[in-house]
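Contents: one structure, followed by commentary.
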Number of protein chains: 2
Amino acid sequence: MQNKIQEQRMREYFIQAAKEIIRGEGMRAISVRNVAEQAGYSYATLYNYFTNIKDLVFECTVDFQEECLEQIDRDSKNLDMGFDRIKIRTKSFMKYFIQYPGIFTLFYIENPSTIAKKHSTIDLINSFLDRVNQQEWDYFLETHYLNEAIIESKKAQLRYNVIGILLFYLNRQFPKTYNDYLQITDNQLSMVLKID
Amino acid sequence: MQNKIQEQRMREYFIQAAKEIIRGEGMRAISVRNVAEQAGYSYATLYNYFTNIKDLVFECTVDFQEECLEQIDRDSKNLDMGFDRIKIRTKSFMKYFIQYPGIFTLFYIENPSTIAKKHSTIDLINSFLDRVNQQEWDYFLETHYLNEAIIESKKAQLRYNVIGILLFYLNRQFPKTYNDYLQITDNQLSMVLKID
DNA sequence: AGGCAATATTAACACTGTTAATATTATGAA
DNA sequence: TTCATAATATTAACAGTGTTAATATTGCCT
């Protein structure tokens, strides 16, 4: 690890390989030998650039977040500020994980190697949905439409509800059909995103 | 598997062993050899009574649900029907999984061997919190305090919110402190369990 | 071209779940 | 009781996992 540019390039090869596997076959297909083969290197080479496989896969999360955010922006452009925009953006957020269940597993199911290590990555994941709608929450605050306590409460409500729905649907096959999932989602978002 | 009584007794040995490990060291410590040793048998013997290790661990869920329900009933006895009773019972439900994080992992994180197989067990897990508060929801319906649509919506809101909070706290160390977790929980339950 | 440092690969270890072959135990008939 | 057979338990083995140490290969500079 003398040449920093070459080192980062090598890391990127492994990260791209891991991303493809996670996107396609999911977290179950992730293994040191699998990722290395996809990257075109031997399995032990991976350890010259990452301390372990968990560290590697969690580095993928920043790229996935970017990609997800791009989809959300596409799906919500030209929309006026307000609850409806949050609703659309949140549904787009959820759609991304429905498309790539392996990425949901990585974000919320998989547990990191060490609890303390790479805490920033986990923090970014935890606050992801909050950041997706940050513009809107700020708008509500500035226009005095909602006060800060209410905003924090609704932000949390949305966060837990959305991840809960995805957890049940993707990890527990509940509800059984996609249509039921869509209906529950719409109902729940409507409950959270309204003035009481 | 000639004598059904002896067979069930053997299964119970393995189930009890698995339960102790899940309660104590968590799902990470579950392995065929580990469970078998705790049960006092060789690892291959397990396969005479269970098709695989996943089937075995998911059989533990019925016992855990019973135990959890007993705690909830203890914590909520002598309470009048109403939102407060749901709140207390739901907090007790959550407390159980905070006490035994391994059981939360088993219930909501771990995925079964086959999707179709043992669907009833998964269904019982999915509906567990609903059943915990079924008495109260029925009471609200009978007394015309809430209509059926509202009840179903609130039931779902509670379900997703509660599991979401536990997922973040137990699997993502968010929030960092137990006190913050308690405050968020109380706030969220108050939001869901009120008349709009 | 030779030597040294950087990097990549193979071999090995301790695990995992699962199955097949073997050893042990229990049961019933002579 | 003895022996054969069925039932059950155990060991050996296989293919997989993550990770580390020893070895092979590459690239660079004198």
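Could you point to the residue in A:Ser127, A:Trp137, A:Asn179 farthest towards the positive end of chain A's charge dipole, with +1 and -1 charges on the Cβ of Lys/Arg and Asp/Glu respectively?
My answer, from the dipole projection, is A:Asn179.
In chain A, what residue has the beta-carbon at the shortest distance from the axis of the rotation relating A to B, and what is that distance in angstrom, rounded to the whole number?
Measuring from each Cβ to the axis, the minimum is at A:Gly164, 2.
Per residue, how many Å² of accessible area does chain A show with a 1.4 Å probe?
49 Å²
Please compute the modelled spin-label separation between B:Glu142 and A:Ser190, points set 7 Å along Cα→Cβ, answer in nm with one decimal.
So the two model labels end up 3.0 nm from each other.
Could you give the dipole magnitude of chain A about its Cα centre, charging the beta-carbon of Lys and Arg +1 and that of Asp and Glu -1, in debye to the nearest 20?
Dipole magnitude for chain A comes out near 500 debye.
What distance in nm separates the simple spin-label points at B:Leu79 and B:Gln183, each placed 7 Å from Cα in the Cβ direction?
Rounded to a tenth, the inter-label distance reads 2.3 nm.
Restricting to Cα pairs below 8 Å that are 6+ residues apart, what does the relative contact order work out to for region A:1-88? Please round to a whole percent.
Relative contact order here is 24 percent.
Among the lysines in region B:44-154, how many pairs, 8 or more places apart or on different chains, have alpha carbons under 19 Å apart?
8
Only helical DSSP H runs with n ≥ 4 go in: add -39500 (n - 2.57) per run for chain A, normalise by residue count and round the 222 nm mean residue ellipticity to 500 deg cm²/dmol.
-22000 deg cm²/dmol
Which distances in nm, rounded to one decimal and ordered from shortest, link the label point of A:Ser127 to the equivalent label points in the other identical copies, with labels set 7 Å from Cα toward Cβ?
In nanometres, ordered from closest: 4.1.
Mean 1/r over all different Cα pairs, inverted: what Kirkwood radius does chain B give, in Å?
Radius from the Kirkwood sum: 18.4 Å.
To the nearest 100 Å², how much accessible surface do chains A and B hide from each other in total, with a 1.4 Å probe?
Adding both sides of the contact gives about 3500 Å².
From the backbone phi of region A:79-89, what are the Karplus-calculated ³J(HN,Hα) couplings (6.51 cos²θ - 1.76 cosθ + 1.60, θ = phi - 60°) in whole Hz, Gly and Pro given as x?
So the J values, rounded to whole Hz, are 9, 6, 4, x, 4, 4, 5, 4, 4, 4, 5.
Which angle from 0 to 90°, rounded to the nearest 10, does the C-alpha axis of helix A:4-24 make with the longest principal axis of chain A?
Between the helix axis and the principal axis of chain A, the angle is about 60 degrees.
Could you work out how far the C-alpha centroid of region A:144-161 sits from that of region B:134-196, in angstrom?
Centre-to-centre distance over Cα atoms comes out at 15 Å.
Quick one: grab the alpha carbon gyration tensor of region A:101-196, order the square roots of its eigenvalues as a ≥ b ≥ c, and give me rounded if a/c is under 1.5, else prolate or oblate depending on whether a/b is larger than b/c.
It comes out oblate by the Cα gyration axes.
log₁₀ I(q)/I(0) of the protein assembly as shown at q = 0.07, 0.09, 0.11, 0.12 Å⁻¹, via Debye over equal Cα point scatterers, no solvent, to two decimals?
Result of the Debye calculation: -0.37, -0.61, -0.90, -1.05.
Provide, in order from the shortest bin, the percent of all Cα-Cα pairs of region B:53-127 in each 5 Å bin, continuing until the bin that contains the maximum pair distance.
Result, from short to long distances: 3, 15, 24, 21, 15, 11, 6, 3, 1 percent.
Please list, in order along region A:41-48, the HN-Hα scalar couplings obtained from phi with the Karplus expression 6.51 cos²θ - 1.76 cosθ + 1.60 (θ = phi - 60°), rounded to whole Hz, x for Gly and Pro.
With the stated coefficients, region A:41-48 comes to 10, 6, 5, 6, 4, 3, 6, 7 Hz.
Ratio of region A:1-103's C-alpha Rg to 2.2 N^0.38 Å, to two decimals?
Rg over 2.2 N^0.38 Å, computed on Cα atoms: 1.31.
Take the alpha carbon gyration tensor of region B:1-50, find the square roots of its eigenvalues, order them as a ≥ b ≥ c, and report rounded if a/c is under 1.5; if not, report prolate when a/b exceeds b/c, else oblate.
Prolate.
Restricting to DSSP loop positions (anything but H, G, I, E, B) with no more than 12 other Cβ atoms inside 10 Å of their own Cβ, which GluC sites (Glu not before Pro) remain in region A:19-128?
Qualifying residues, ordered by number: A:Glu25.
Sticking with the crude label model, points 7 Å out along Cα→Cβ, report the distance from A:Glu37 to A:Arg11 in nm, one decimal please.
Between A:Glu37 and A:Arg11, the label points sit 2.7 nm apart.
Which percent of the accessible area of the protein assembly as shown is formed by carbon and sulfur heavy atoms (probe 1.4 angstrom)?
Here it works out to 50 percent.
Nearest 20 debye, what's the magnitude of the dipole of region A:45-128 about its Cα centre given +1 on Lys and Arg Cβ and -1 on Asp and Glu Cβ?
220 debye
Roughly how many debye, to the nearest 20, is the charge dipole of the protein assembly as shown about its Cα centre, given +1 on each Lys and Arg Cβ, -1 on each Asp and Glu Cβ, and no other charges?
760 debye
Taking the Cα centre of each part, how many Å lie between region B:81-127 and region B:7-51?
One Cα centre to the other: 21 Å.
The values are calculated or read from the model by the stated rules, or taken from the named source; none is laboratory data. Small disclaimer: the values here were computed from a predicted structure and weren't measured. A quick note on method: Cβ atoms are made from the backbone with ideal geometry, for glycine too, and the neighbour counts reach across all protein chains shown. Side chains included, ligands, DNA and RNA excluded: accessible areas come from the protein's heavy atoms. Shrake-Rupley method; radii C 1.70, N 1.55, O 1.52, S 1.80 Å.
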